[in-house]
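This report concerns only the one structure given below.
Please treat every number below as a calculation from the coordinates, not as lab data. On a predicted model such as this, the values are computed, not experimentally measured, just so you know. Using ideal geometry, Cβ is built from the backbone for each residue, glycine included, and neighbour counts are taken over all protein chains shown.
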Amino acid sequence: MNEFFQEDQDLVNEFLENVLPQKTYTHFVTSEKMDYWSAVIFYKEKEITENIFINLNHKIFKA
C-alpha cells in the first residue's frame, strides 16, 4: 500500500466535509514507474449559515 495512503485519504475527507460534491470521477492509472488513482471532484462551496446572537441589556437578539 502507498506510504501516503492515510494522509491522502485524510486530505480528501477533510476537503469533502467542507464542500458539496456534485460529481466525482476516478481512474486507476498504470505506468512503468508507478500505479496510482486519479480523482476529479466537481463541487459547490457550502454556504456559511451561522446563528449569531447579540446580548444587549440581558436580552438576546438573533442577528
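Remarks
- Cβ crowding within 10 Å averaged over residues, with 7-18, 24-35 ranked highest first: 7-18, 24-35
- Counting only aspartates and glutamates at least 8 places from K33 when in the same chain, those with an alpha carbon closer than 17 Å to its own are E3.
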